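**Q** So that we are looking at the same thing, I have put the structure below in structure tokens.
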Amino acid sequence: MSMCLQAINLNTFTYQSRTRIPIRNRTLVNVNSHLRIYPICNIRKGIITACSAPSQEILQQKLSDEDETNAESSDSVENEQKVVVEFSANESIWNQTVEIIKFSGPAVGLWLCGPLMSLIDTAVVGQGSSIELAALGPGTVFCDNTSYIFMFLSIATSNLVATSLARQDKAQVQHQISILIFLGLVFGVLMFFCTRLFGVRALTSFTGGKNIEIIKSANTYIQIRGLAWPALLVGWVAQSASLGMKDSWGPLKALAVATVINGVGDIVLCRVFSYGIAGAAWATMVSQVVAAYMMIEALNNKGYKGFAISVPSKDELLQIFMIAGPVFLTMMSKVAFYSLLVYFATSMGTQTIAAHQVMVQLFMICAVWGEPLSQTAQSFMPELLYGVNRNLSKARVLLKSLVIVGASSGTVLASVAASIPWLFPKVFSSDPQVIREMQKILLPYFIALFVTPSILSLEGTLLAGRELKFISLSMSSIFVLSSVLLMLLSSKGLGLSGCWFALVIFQWSRFFMALRRLTLSNGILYSEEATQNELQKLKAV
């Protein structure tokens, strides 16, 4: 296109024709010694504009320059074309649903790895000691829930990588990956030292000073798992970079290997050598390190340098935290509420804590199956909102497909997850009182889990539409109100059931708030003006 503009300015080109020809690269056709036709191919539309000129010297140099540029970026363009073909804006609801499942299925590994390892720990440790099983409650809160605070690194990574790939700038992709891996490493080292210095104090604030045995076992668990903090956060960055490149198989491979290592390690260390909660922690820590290494190797196989790190500038840090700030506040609200559930459960006795630990781990491992729906929305919705194929009606159809998949998966997950403690409770504990407490909360457990995948699909769409301010403010408000309700229910002596009914209110409030925002007539899915304003902001950034 730049050749045609130059030619028009020089008054040496005349418009000839527009022809639809299935041709990919620019070619030079000799008509005679005085006339050359230079087809300029629009890859997306397949339209070729032919321009003629009596002069050859100027065009020869420009054509060779553009041929070199085309050769360097052909791979990136082909990749972009594959993405467009993979998920077109003109697909039906059924086809979109199939594509959502194809992409999101393997992506489950990104979020499933940590909770699955904790669930394996719970099952193995629970067979040996109720005290150590109770200690896993505050222990996993400190390790798993705290790690979700750093989910902003994952979202920032996938956002920035996807943006740079859209510009076909591989060097910029490499630079941003190196910066984010550096940040993941820094935060991981800081969390390692925080665990060493403040671990006991944090556990005591959760369990109270009277539960000395629980604190001792939980501290052993978090100190061992704390060794994996740097690898864990670096692995998250690498996994998110793969998802930003539309590769969801890398997390699946990492999950499979890490799960096998964790499962075998738990059985050998806990059951054979009787290391108890310490053995479970070692198995989880090693599996997380291996998973992180596999994800970095996946980046290396794509032609990037996964082990390279770069120190970000002030402007680069500002760009990252403009995206990460609201996401961080949102994650903090969720983590804080789940932590409050554990806090109130710890005042109800050892058996109640143990029962709550089992149900929370089951809830987490089932809830993360909805996270790929959020990732799918963040990966494909921007094209329909701000891309060359911008089409708000198709964006609404895509959201409907996501909600349908979310409701279906929520029904299946909630049914399966509720049936395990009802039909096979001894998988997690042989203590009759623990089993009784688990079965008391099956109703609120089902209701809260059922809506979770749909919530994540709605919130992923809000993230794709850059509704960051709304997400952070609404989540903060819901957290405050739900926390007050949790305190009221606990003070009324409703026990563990009161805690889980508070979680039901928390989840359904998130659902209705997000649904209301997305169905507003002046929202991002209905208003052309709102979408154009956001598009101008993105161009400015």
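**Q** Mind giving me the FRET efficiency for residue 512 and residue 426? R0 is 41 Å, r the Cβ-Cβ distance, nearest 0.05 is fine.
**A** That gives a FRET efficiency of 0.60.
**Q** Short version: what are the Cα gyration tensor semi-axes of the range 93-540, square root of 5 times each eigenvalue, largest first, in whole Å? Don't jump to the answer; show the numbers that get you there.
**A** Details: eigenvalues 244, 134, 77 Å².
Result for the range 93-540: semi-axes of 35, 26, 20 Å.
**Q** Pull out the extension gain between residue 522 and residue 189, defined as 0.36 nm times the separation in residues minus the alpha carbon to alpha carbon distance; nm, one decimal.
**A** Full extension from residue 522 to residue 189 adds 115.4 nm.
**Q** Going 7 Å from the Cα of residue 260 along its beta-carbon direction, which residues of the range 293-314 have the amide nitrogen within less than 15 Å of the resulting point?
**A** 294
**Q** If you take the beta carbon distance between residue 476 and residue 301 as r and set R0 to 41 Å, what does 1/(1 + (r/R0)^6) give as a FRET efficiency, to the nearest 0.05?
**A** 0.50
**Q** Classify the range 196-352 as rounded, prolate or oblate, taking a ≥ b ≥ c as the square roots of the eigenvalues of its Cα gyration tensor: rounded when a/c is under 1.5, otherwise prolate if a/b is larger than b/c and oblate if not. Intermediate results must be reported in sequence, preceding the final value.
**A** Values: a/c = 2.35, a/b = 1.37, b/c = 1.72.
Oblate is the answer for the range 196-352, as a/c is 1.5 or above yet b/c matches or exceeds a/b.
**Q** Please give the residues of the range 343-378, grouped as numeric ranges, whose backbone N is less than 20 Å from a label point set 7 Å along the Cα-to-Cβ vector of residue 492.
**A** Residues 343-348 qualify, since their backbone N sits under 20 Å from the label point.
**Q** Right, next: Going by how many other beta carbons lie within 10 Å of each one, how would you line up 490, 130, fewest first?
**A** 130, 490
**Q** Which far-off residues, 5 or more places away or on another chain, put their amide H under 5 Å from the one on residue 467, with H placed in the peptide plane?
**A** Residues meeting the amide H criterion: none.
**Q** Additional query: Based on the Cβ-Cβ distance of residue 127 and residue 322, what FRET efficiency does E = 1/(1 + (r/R0)^6) give at R0 = 56 Å, to the nearest 0.05?
**A** Numbers: r = 48 Å, r/R0 = 0.86.
In this case the efficiency is close to 0.70.
**Q** Another one. Mind giving me the nanometre distance, one decimal, between the label points for residue 348 and residue 419, set 7 Å out from Cα along Cα→Cβ?
**A** Calculated label separation equals 2.6 nm.
**Q** Cβ neighbours within 10 Å, averaged per peptide: list 513-524, 403-414, 147-158, 356-367 in order, most packed at the top.
**A** Ranking the peptides 513-524, 403-414, 147-158, 356-367 by packing returns 356-367, 147-158, 403-414, 513-524.
**Q** Between the range 425-464 and the range 202-266, what's the alpha-carbon centroid distance in Å?
**A** 21
**Q** May I pose another question? Under the √(5λ) rule applied to the eigenvalues of the Cα gyration tensor, what semi-axes describe the equivalent ellipsoid of the range 461-525? Give them in Å, descending. If you can, show how the numbers build up before the last one.
**A** Numbers: eigenvalues 175, 21, 13 Å².
Working from the Cα gyration tensor, I get semi-axes of 30, 10, 8 Å.
**Q** Using Cβ contacts closer than 10 Å as the measure, can you line up 284, 146, 195 from fewest to most?
**A** The most exposed by this proxy come first: 146, 195, 284.
**Q** Something else: Apply the Karplus curve 6.51 cos²θ - 1.76 cosθ + 1.60, θ = phi - 60°, to the phi angles in the range 334-339 and return the couplings in whole Hz, x for Gly and Pro.
**A** My calculation for the range 334-339 gives 5, 4, 5, 5, 4, 5 Hz in order.
**Q** Pairs of alpha-carbon atoms within less than 8 angstrom and 6+ residues apart define the contacts here; what relative contact order does the range 93-540 have, in percent?
**A** Relative contact order here is 21 percent.
**Q** Here is a further query. Going through the cross-link list 440/492; 246/305; 334/426; 253/302, which pairs have a Cα-Cα distance over 26 Å in this structure?
**A** Check vs 26 Å cut-off fails for 334/426.
Each reported figure results from applying straightforward, stated rules to the coordinates on display, with no laboratory input. Here the structure is a predicted model, which means the values were calculated and not measured. When we count neighbours, we look across all protein chains shown, and the Cβ atoms used for this are built from the backbone with ideal geometry, even at glycine.
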